[in-house]
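> Quick one: structure below, then a few questions.
What follows draws every value from the coordinates through simple rules; no lab data is involved. Bear in mind that the values here come from a model prediction, so they are computed numbers and not experimental data. Cβ atoms come from the backbone with ideal geometry, glycine included; neighbour counts cover every protein chain shown.
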Amino acid sequence: MVTFKLNNNPVQVDVDAGTPLLWVLRDSLKKFGTKYGCGRALCGACTVHLDGAPVRACVVPIEAVADRKVTTIEGLGEGGQHPLQAAWIAADVPQCGYCQSGQIMSAAALLASNPDPRDPEIDVAMRGNICRCGTYDRIRRAIKDAGQRMRAGRSGQATAADPRKSRA
Amino acid sequence: MTLNRRQFLRSSGAVALTVAIAAPWRAGNASTSATANAYLRFDASNRITAILPTSEMGQGTHTGQLMILGEELGVEPSSIAVELPIRPSEPYRLFFGQMRSVGSYGIRAWHDPLRKAAAQARSVLLLAASDRWNVPLQELDAVDGHVVHASTNRRLAFGELVEAALALPLPADPPLRPASERRVTGRALRRVDTPAKVDGTAVFGTDVDVPEMLHGAVRMNPVFGGAVSRYDVDSVADLPGVEQVVPVPNGVVVVADTWWRAKQAADALDIEFGETPNDALDSTRLSDAMREGFDGEVPAVIRRGDAESGLQDASRKIEATYEVPFLTHICMEPIVCTAHTRKDHVELWMPTQGQDIIRMTVERVLGFGNEQMTLHTTYLGGGFGRKTHGEIAEQAMLASRAVGRPVKVMWSREDDIQQGYYRPIMMARLRASLNQQGRITAMHAQLSGPQMGQTFEHITVQNNNDMFSVASLIDQPYTENFALDHRHLDVPMPLSPWRAVSSSQNGYFLEAFLDELAHAANQDPVAFRRAHYANHPRHLAVLNRVAEMARWDRPAPAGRYRGVAVVASYGSVVAQVVTLRMVADQPTVEQVHVAIDCGRAINPDSVEAQMRGSVIEGLAVALRHEVPIADGRAQRSNFHDYAPLRIDELPEIEVGIVDTGAPLGGVGEPGIPPVAPALVNAIFQATGERIRRLPLSRARG
């Protein structure tokens, strides 16, 4: 039995020791926003935060999570309203979308420590996340936009209108 | 709208509901929900649902299709809900009589049918309002989900008119909005699927979760064409959560209560595969076999003009041989399907590009007809041609039948790469002659390698012409004297369309060769192409645009080298200029300029996104992607040895959209073919090397 905090709620799971966090999230806790891509920490699709730091959930055994805080894409912003999510919509980043939860979680960890990153800093923080559709330039743009929204502290205003109705 | 009611009724004739189909979603309460035709459903609460014929795998076609529907109907595209039909049927079939999301067809082939479907619905809505208000039809318009009578300032929401409107016969040939009324298509619109893809709620095939569901992981013969000779169920029977080991063609599915447990058990399973005829297969021998394929007379595909005497008489002849490797698709979402097989019905949830392929698989494996299948198409985490196949559905159906519960079977990344359906290997020998003015007078292209069409039952290779092998070569724009041959080579591994299919290799063969010809003619590669595009205005337009974007008329900056390529595919023409520098003898791509003529760009933002993504994929492929075969097995396994471009390798990419008034062209694939030749042509400028074999990592070491 392992206890930890998932998106600020305490959870308890009874799984085999050594089960990667990814499969606890997906198969036991039905949090499907975190994706499997490679199983070997090569692609970043399963990126979540462990006590605020980005980790690849596919290689983190569940014992390592005991009594710690896990944040997934579902818990990043209330109702999907994190400035990064608003910026992602504004830049219309995703294509297939499968890698984007992981991209956003890596980006959130970056902005938490560096709210005004430049391209080389973005590249260092994001190079563990593969986007096979090639949305990288829009990812860079959205990260800078989100940083600006966070610094300006007006993310609520920026996302008040339904962004789907505004033209790019 | 200029048609009055009398003309309208005449034009509609006696044809009633010709497009409407007996679709299962009509089983709902007809008083609250009504089907206008196969693609649109209305309900009294003003909700409009589109039943779209293609899968969304990242290309943005759902948004583009909603723009087409919304514009014609007079509603905000993003207000229309999206469904896919739960089994293939005639209205959704456009590819060789099949429902498939392939061939960059999503917009170019579906524009007219969807526009007409929306025009039909608008016509009867206007007619119903015309009756209700007793005003002439031509005074009405449909705007923002309402029928509007401007002179009396009256409005009625579609929902209030739906019952009366859908009781009217649908016109077979409804009036279409003129171009002057376009306010939606042609302008960038944000994609409707983005919000669900940034908060984790989008449901991909991997995210299907149905009651009582179990999970399956696979163990398959690593040698292509091999089977299972023996396995020991007892070796995993005591592992936690394991339910059953189910035999499937060339392997087993291990079923357990979670995927992780199923995977652990599949890896632990004591299994033997035995010998196969392909145990010694390897890439070197396949290359030798392709090269030997040029010996003797190579079977002809087409002859145009007189290539042979042109080549014999010419003063200058150039010849070069090129080769490309097997490629795999590495969709970020792995291969997955959830099935619930019952006695006389099967329900499937999966990310598929090939709904009719799944129907055929169901029929073959279970003996069930189309009506005994319910197929829920999820979002696809990438498709690229890989998700047209039925093997994963077969595995899931068999596993579910064996355990009597729904089973989600998912492949690992290693399974995905090593059990792929590959873009075929191919070798091309090109010969051409130049006259004194440096014009190409004749060309003879010979292909040696698999004819993928021979592996598809429903699409035959006719007169040695395989549409999956010759695109972007058979229609080369450079000379009237052209001959094309193809020697088929049988290979035991499954083959598949891969983004841009044969244009992906033929664009490289042809445009790398063109650069060699330009050099032999002592001409600038852009000027050389221009001189040959007199009868190809679209080629010329994109070449001129890309040359302008890349400032080709000025010398490249010091230490920078440029290459150009122009390839027509899928109804579009794309020109690219790659600018690179050499760092420690390796190319670093700094800039890629792209110009595309895809006809009218329905959603320019999606066109731009597809061009950028194509450049990024095309570079990874040209630089380092290949699946070598040794001992009958694929020699790649995961993203460390089959590595997509990462964000720190991203070049600056600029995209220009050119509209020459051509019909709608495809967008998902045409950006791929020019990348590799533009890259190798730039490397020639930098180093004087001709890269005649991809990927670069193999050609240059």
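> Gap in Å between the Cα centre of the stretch A:89-130 and the Cα centre of the stretch B:200-261?
34
> For a Förster distance of 60 Å, can you work out the FRET efficiency between the beta-carbons of B:Thr152 and B:Thr460, rounded to the nearest 0.05?
On the way: r = 61 Å, r/R0 = 1.01.
Efficiency, from the Cβ-Cβ distance: 0.50.
> Where does helix A:100-113 land angle-wise versus the long Cα axis of chain A, in degrees 0 to 90, nearest 10?
Its long axis makes an angle of about 80 degrees.
> Right, another one. If you stretched the chain out fully between B:Ser315 and B:Asp209, how much longer would it get, using 0.36 nm times the residue separation minus the C-alpha to C-alpha distance? Before the final figure, lay out the partial values.
Numbers: separation 106, 0.36 × 106 = 38.16 nm, distance 6.86 nm.
Between B:Ser315 and B:Asp209, full extension yields an extra 31.3 nm.
> Would you mind computing the Rg to Rh ratio of the stretch A:78-158 from its alpha-carbon coordinates, Kirkwood style for Rh?
On the way: Rg = 11.5 Å, Rh = 12.4 Å.
Across the stretch A:78-158, the Cα-based Rg/Rh ratio is 0.93.
> Next question, about the same structure. Just grab the label-to-label distance for B:Asp553 and B:Phe96, each label 7 Å out from Cα along the Cβ direction, in nm (one decimal).
For B:Asp553 paired with B:Phe96, the spin-label model returns 4.7 nm.
> Would you mind telling me the antiparallel percentage of the DSSP bridges in chain B, rounded to 5?
Working: 84 of 111 bridges.
Antiparallel: roughly 75 percent of the beta bridges in chain B.
> For the residues B:Glu654, B:Glu56, what sequence is obtained by ranking on other C-beta atoms within 10 Å, fewest first? Mind showing how you got there, number by number?
Numbers: B:Glu654 16, B:Glu56 28.
Ranking B:Glu654, B:Glu56 by Cβ neighbours within 10 Å, fewest first, gives B:Glu654, B:Glu56.
> While we're here: If I model a spin label at A:Asn9 and B:Asn46 as a point 7 Å from the Cα along the Cα→Cβ vector, what separation in nanometres do I get?
It is 3.4 nm.
> Which value, in debye to the nearest 20, gives the size of the charge dipole of the protein assembly as shown about its Cα centre, when Lys and Arg are +1 and Asp and Glu are -1 at the Cβ?
Numbers: 91 positive and 96 negative charges, 474 e Å.
Charge dipole, the protein assembly as shown, about its Cα centre: 2280 debye, nearest 20.
> Simple spin-label model, 7 Å along Cα-to-Cβ: B:Ser180 to A:Asp67 in nm?
With each label point 7 Å from Cα toward Cβ, the separation is 7.7 nm.
> When DSSP assigns beta bridges and you keep just the ones with both residues in the protein assembly as shown, what percent turn out antiparallel, to the nearest 5?
Details: 96 of 125 bridges.
In the protein assembly as shown, DSSP labels about 75 percent of beta bridges as antiparallel.
> Among A:Thr71, A:Cys38, A:Leu21, flag the residue with its Cα farthest along the positive direction of the charge dipole of the stretch A:2-76, charges on Cβ as +1 for Lys/Arg and -1 for Asp/Glu.
Projecting each Cα onto the dipole axis, the largest value belongs to A:Cys38.
> Between B:Val82, B:Met427, B:Gln437, whose Cα lies farthest towards the positive end of the dipole of chain B when Lys and Arg beta carbons carry +1 and Asp and Glu beta carbons carry -1, centred on the Cα centre?
B:Gln437
> Summing +1 for each Lys or Arg and -1 for each Asp or Glu, what net charge is found among the other residues whose Cβ lies under 11 Å from the Cβ of B:Ala44? Walk me through the numbers on the way to the answer.
On the way: positive: B:Arg47; negative: B:Asp43, B:Glu160, B:Glu163.
My count for the surroundings of B:Ala44 gives -2.
> Within the stretch B:296-328, what residues put their amide N at less than 16 Å from the label point 7 Å along the Cα-to-Cβ vector of B:His536?
Label zone hits: B:304-305.
> I'd like to verify something in chain B: which complete DSSP H helices, judged by Cα projection on the helix axis, reach 15 Å or more and average at least 1.0 on the Kyte-Doolittle scale? Walk me through the numbers before you get to the answer.
Working: long enough: B:61-73 (17 Å, 0.15); B:111-133 (32 Å, -0.22); B:355-366 (16 Å, 0.24); B:391-403 (18 Å, 0.45); B:503-520 (25 Å, -0.09); B:537-549 (18 Å, 0.05); B:604-624 (30 Å, 0.24); B:675-687 (18 Å, 1.34).
Span-like helices in chain B: B:675-687.
> Would you mind classifying chain B by shape? Square roots of the alpha carbon gyration tensor eigenvalues, ordered a ≥ b ≥ c; an a/c under 1.5 is rounded, otherwise it is prolate if a/b is larger than b/c and oblate if not. Don't skip to the end; give the middle numbers.
Values: a/c = 2.00, a/b = 1.16, b/c = 1.72.
Because a/c hits 1.5 or more and a/b fails to exceed b/c, chain B counts as oblate.
> Taking the Cβ-Cβ separation of B:Arg304 and B:Asn522 as r and a Förster radius of 22 Å, what is the calculated FRET efficiency to the nearest 0.05? Could the numbers behind the result be given before it?
Working: r = 27 Å, r/R0 = 1.24.
With a Förster radius of 22 Å, E is 0.20.
> Moving to a separate point now. Compute the Cα gyration tensor for the protein assembly as shown, then decide on rounded, prolate or oblate, letting a ≥ b ≥ c be the square roots of its eigenvalues: rounded whenever a/c is under 1.5, prolate when a/b is larger than b/c in the other cases, and oblate in all that remain. If you can, show how the numbers build up before the last one.
On the way: a/c = 1.37, a/b = 1.07, b/c = 1.28.
Because its axes are fairly even, with a/c under 1.5, the protein assembly as shown counts as rounded.
> Say a paramagnetic label sat at a point 7 Å from the Cα of A:Arg127, along Cα to Cβ; which residues of the stretch B:554-589 have their backbone N under 17 Å from it?
So the set is B:583-584, B:586-589.
> Divide by every residue of the protein assembly as shown the summed helix terms, -39500 (n - 2.57) for each DSSP H run of at least 4, and state the resulting mean residue ellipticity at 222 nm, rounded to the nearest 500 deg cm²/dmol. Present the calculation step by step, with values, prior to reporting the outcome.
Details: 25 runs with 257 residues, N = 869.
Result for the protein assembly as shown: -9000 deg cm²/dmol, rounded to the nearest 500.
> Next question. Could you state the angle between the C-alpha long axis of helix A:136-152 and the longest principal axis of the C-alpha atoms of chain A, as a value from 0 to 90 degrees rounded to the nearest 10?
Approximately 80 degrees, to the nearest ten.
> Here is a follow-up. Can you tell me what share of the DSSP beta bridges in the stretch A:2-76 is antiparallel? A percent to the nearest 5 is fine. Display every interim value, and only then the final one.
Values: 12 of 14 bridges.
Of those bridges, close to 85 percent are antiparallel.
> Pop the C-beta distance of B:Ala699 and B:Asp144 into the FRET formula with R0 = 45 Å and round what comes out to the nearest 0.05. Numbers along the way, then the final one.
Values: r = 57 Å, r/R0 = 1.26.
Working from the Cβ atoms, E equals 0.20.
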